[in-house]
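The structure under discussion appears below in the form of structure tokens.
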Amino acid sequence: MNAPRTARERARAELTAEILAAARRQLAEGGAAMLSLRSIARELGMASSAVYRYFSSRDELLTALIVQSYNEIGEAAENADLPGAAPQERWLAVWRAVREWSLAHRHEYALIFGTPVPGYVAPHVTIEVAGRMPLTLARIVADARRDGNLTPATGPVCPAEAITPDMLMLLEGESFSPDEVARLIFCWNRLVGIIGYELHGHLANVTADDALFFDHTARTEGAYIGLPFR
């Protein structure tokens, strides 16, 4: 059992949450490039020096927002998964949950999947949390393969040298072929891409029902990777 937090620790956690909430409001108003610790301090009625005790720079604050956003979309995907259900039901539920989170958090989606912030280089800490959502999809495919519910893929095979060795072991105890990894990459990029098209209005006058077209895309990509969609 973890030791209870001290009053100082609770106060710090609460103020950190307030700073992040203010940063998200600023993100919605002006985008990531306009984030400013000084303006956040003014909004919260704090001295700028006090805010710098929580986040030493704009980049550190930006990293915290990116980690928070990746964790939220990853949690949405993981919570939507239905272990024990048919793989195609799990796949569709996760895709829908990712879309639902993205529509409700457009600016956070743009932060993690949109145009890179000029001058900002994401640190290694963002890599693990960025994997939560795609690894949920990989887990569904791995379970389907183990249970005999994955149809062998057809069509062009991805060359092994196109995939980094680290990507070939996506889940502990699960080894994927280069072509399977390539198909997974294609699918989660298609998921991110179709949501981005919707959020930025690129489906206007193209689809009559965005949700219906999204579900069709999810099923098409699931069938492409070998899940039993018909």
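Matching residues to (1) on the phi > 0 side of the Ramachandran plot; (2) assigned to a loop (DSSP other than H, G, I, E, B); (3) of a type outside the set (Asp, Glu):
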{"residue": "ALA110", "(1), (2), (3)": "no, no, yes"}
{"residue": "VAL129", "(1), (2), (3)": "no, no, yes"}
{"residue": "ARG139", "(1), (2), (3)": "no, no, yes"}
{"residue": "ASP143", "(1), (2), (3)": "no, no, no"}
{"residue": "GLY148", "(1), (2), (3)": "yes, yes, yes"}
Exercise. Do any residues in segment 29-40 that are outside any helix (DSSP H, G or I) have Cβ atoms under 6 Å from those of residues that are of a type in the set (Lys, Arg), where the two are at least six apart or on different chains, and which pairs are they?
Worked result: LEU35/ARG58
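Can you find a residue in segment 154-173 that is among the polar types (S, T, N, Q) and in contact (Cβ under 8 Å) with a residue 60 or more places away in the chain? Give the steps one after another, and end with the answer.
Residues of segment 154-173 that are among the polar types (S, T, N, Q), as a first pass: 154, 164.
Narrowing the set further to residues that are in contact (Cβ under 8 Å) with a residue 60 or more places away in the chain leaves none.
Within segment 154-173, not a single residue is among the polar types (S, T, N, Q) and in contact (Cβ under 8 Å) with a residue 60 or more places away in the chain.
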Problem set entry | Selection count, segment 200-215, where residues are open to solvent by less than 30 Å² (accessible area, probe 1.4 Å) and charged (D, E, K, R) | 1
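Give the residue that is farthest from the chain's Cα centre (by Cα), with candidates limited to residues of segment 44-91 that are assigned to a loop (DSSP other than H, G, I, E, B) and of a type in the set (D, E, K, R).
Residues of segment 44-91 assigned to a loop (DSSP other than H, G, I, E, B): 45-47, 52-57, 81-86.
Okay, now just the ones that are also of a type in the set (D, E, K, R), so 53, 81.
Numbers: ARG53: 28, ASP81: 15 Å.
Only one residue fits best here, namely ARG53.
Does ALA153 satisfy the criteria of being closer than 26 Å to ALA85 by Cβ, in a helix (DSSP H, G or I) and either open to solvent by less than 70 Å² (accessible area, probe 1.4 Å) or modelled with pLDDT of 95 or more (or both)? So that I can check it myself, show each step before the final result.
Details: closer than 26 Å to ALA85 by Cβ: yes; in a helix (DSSP H, G or I): no; either open to solvent by less than 70 Å² (accessible area, probe 1.4 Å) or modelled with pLDDT of 95 or more (or both): yes.
Criteria not met by ALA153.
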Seminar exercise, completed: Of the residues in segment 156-176, those that are within 20 Å of VAL94 (Cβ to Cβ) and open to solvent by 60 Å² or more (accessible area, probe 1.4 Å) number 1
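Just give me the residues in segment 6-28 being free of Cβ contacts under 8 Å to residues at least 24 places away in the same chain and farther than 22 Å from ARG106 by Cβ, in sequence order.
So in segment 6-28, the residues free of Cβ contacts under 8 Å to residues at least 24 places away in the same chain come out as 6-11, 13-14, 17, 21-22, 25-26.
Within segment 6-28, THR6, ALA7, ARG8, GLU9, ARG10, ALA11, ALA13, GLU14 qualify.
Table: residues versus (1) open to solvent by 70 Å² or more (accessible area, probe 1.4 Å); (2) over 16 Å from the mean Cα position of the chain (by Cα); (3) in contact (Cβ under 8 Å) with a residue 12 or more places away in the chain.
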| site | (1), (2), (3) |
| --- | --- |
| SER102 | no, no, yes |
| ALA110 | no, no, yes |
| PRO118 | yes, yes, yes |
| ALA122 | no, no, yes |
| VAL129 | no, no, yes |
| PRO134 | no, no, yes |
| LEU137 | no, no, yes |
| GLY148 | no, yes, no |
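With respect to GLY119, is the statement that it is more than 20 Å from TYR224 (Cβ to Cβ) and assigned to a loop (DSSP other than H, G, I, E, B) true? Outline the logic, then answer.
Numbers: more than 20 Å from TYR224 (Cβ to Cβ): yes; assigned to a loop (DSSP other than H, G, I, E, B): yes.
Against the criterion (more than 20 Å from TYR224 (Cβ to Cβ) and assigned to a loop (DSSP other than H, G, I, E, B)), GLY119 qualifies.
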For this session: Working carefully through the options ALA218, ALA182, find the one that is closer than 14 Å to LEU92 by Cα, buried (at least 17 other Cβ atoms within 10 Å of the Cβ), out of contact with any Gly (no Cβ under 9 Å at 6 or more places or on another chain) and of a type in the set (Gly, Ala, Ser).
Result: ALA218
Exercise. Surrounded by fewer than 16 Cβ atoms within 10 Å (Cβ to Cβ) and modelled with pLDDT of 95 or more: does that describe LEU191?
Worked result: no
Exercise. What number goes with the only condition from (1) buried (at least 20 other Cβ atoms within 10 Å of the Cβ); (2) free of Cβ contacts under 8 Å to residues at least 24 places away in the same chain; (3) β-branched (Val, Ile, Thr) that VAL141 does not pass?
Worked result: (2)
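For the subset of segment 1-51 comprising residues that are touching a Ser or Thr at 6+ places or on another chain (Cβ under 7 Å) and crowded, with 17+ Cβ neighbours inside 10 Å, which member is farthest from PRO118 (Cα to Cα)? Give the derivation first.
From segment 1-51, those touching a Ser or Thr at 6+ places or on another chain (Cβ under 7 Å) are 26, 37-38, 41; that's our starting set.
Still in the list and also crowded, with 17+ Cβ neighbours inside 10 Å: 26, 37, 41.
Working: GLN26: 17, LEU37: 17, ALA41: 23 Å.
Looking at residues that are touching a Ser or Thr at 6+ places or on another chain (Cβ under 7 Å) and crowded, with 17+ Cβ neighbours inside 10 Å, I get ALA41.
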Seminar exercise, completed: Filtering segment 82-96 down to residues that are open to solvent by 20 Å² or more (accessible area, probe 1.4 Å) and closer than 12 Å to THR136 by Cβ yields LEU82, PRO83, ALA93
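The values are calculated or read from the model by the stated rules, or taken from the named source; none is laboratory data. Everything numeric here is computed off the predicted structure, so don't read it as measured data. All Cβ positions, even for glycine, are placed from backbone atoms using ideal geometry, and neighbour counts span all protein chains on display. Note: accessible area is taken over every heavy atom of the protein model, side chains too, but ligands, DNA and RNA are not part of it. Shrake-Rupley method; radii C 1.70, N 1.55, O 1.52, S 1.80 Å.
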